[in-house]
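Okay, structure first, notes after.
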Amino acid sequence: QVQLVESGGGSVQAGGSLRLSCAASGSVFTINTMGWYRQAPGKQREWVSSITSGGSTNYADSVKGRFTISRDNAKNTVYLQMNSLKPEDTAVYSCYGFIERTRYWGQGTQVTVSS
């Protein structure tokens, strides 16, 4: 059994910053790609960013230049540093991680950006 637990969500004013964390625990041996999705009310889930075990990163155009993904393989943890936040970044952010070919999900954390 593998669990992913996010933390770091909250409320912030536009222009502010938040840092999300997602820690994997349980029967974890090697987590390959980890990343983040988000879903705003009434909208489809949107992929945000990903990072491979080797550190290669990718970002959605909507967050490029503002968000930075990183990971600590020793801690099985992925981070999402979010700067210059906008009201349109408001969403539930969920992390994921691949072990072999199975994707595991966290429960999600709310991020609210007020104007």
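Reported count of residues in the range 56-91, each being without any contact (Cβ under 8 Å) to a residue 60 or more places away in the chain, within 18 Å of Leu4 (Cα to Cα) and under 11 Å from the mean Cα position of the chain (by Cα), is 5.
Answer yes if at least one residue in the range 95-109 is within 18 Å of Gly10 (Cβ to Cβ) and open to solvent by 50 Å² or more (accessible area, probe 1.4 Å), and no otherwise. Give the derivation first.
Residues of the range 95-109 that are within 18 Å of Gly10 (Cβ to Cβ), as a first pass: 95, 106-109.
Applying the additional criterion that residues be open to solvent by 50 Å² or more (accessible area, probe 1.4 Å) yields 107.
Scanning the range 95-109 turns up at least one residue that is within 18 Å of Gly10 (Cβ to Cβ) and open to solvent by 50 Å² or more (accessible area, probe 1.4 Å).
If a residue has to be open to solvent by less than 20 Å² (accessible area, probe 1.4 Å), polar (S, T, N, Q) and either in contact with a helix residue (DSSP H, G or I) (Cβ under 6 Å, 6 or more places away or on another chain) or closer than 14 Å to Ala40 by Cβ (or both) to count, how many in the range 71-94 make the cut? Step through it out loud before you land on a result.
Here is the first cut: in the range 71-94, the ones open to solvent by less than 20 Å² (accessible area, probe 1.4 Å) are 77-78, 80, 82, 85, 89, 91, 93.
Filter once more, so that each one left must be polar (S, T, N, Q): 77.
Cutting the leftovers down to either in contact with a helix residue (DSSP H, G or I) (Cβ under 6 Å, 6 or more places away or on another chain) or closer than 14 Å to Ala40 by Cβ (or both) gives us none.
Result for the range 71-94: 0.
Within the range 8-51, can you find the residues that are modelled with pLDDT of 95 or more, polar (S, T, N, Q), surrounded by fewer than 16 Cβ atoms within 10 Å (Cβ to Cβ) and under 18 Å from Ser70 (Cβ atoms)? Matches in the range 8-51: Ser17 only.
The values are calculated or read from the model by the stated rules, or taken from the named source; none is laboratory data. Here the structure is a predicted model, which is why all the values come from computation and not from measurement. Cβ coordinates were reconstructed from backbone atoms using ideal geometry, including for glycine residues, and neighbour counts include every protein chain displayed. Keep in mind that these areas ignore ligands, DNA and RNA; they rest on the heavy atoms of the full protein, side chains included. Shrake-Rupley method; radii C 1.70, N 1.55, O 1.52, S 1.80 Å.
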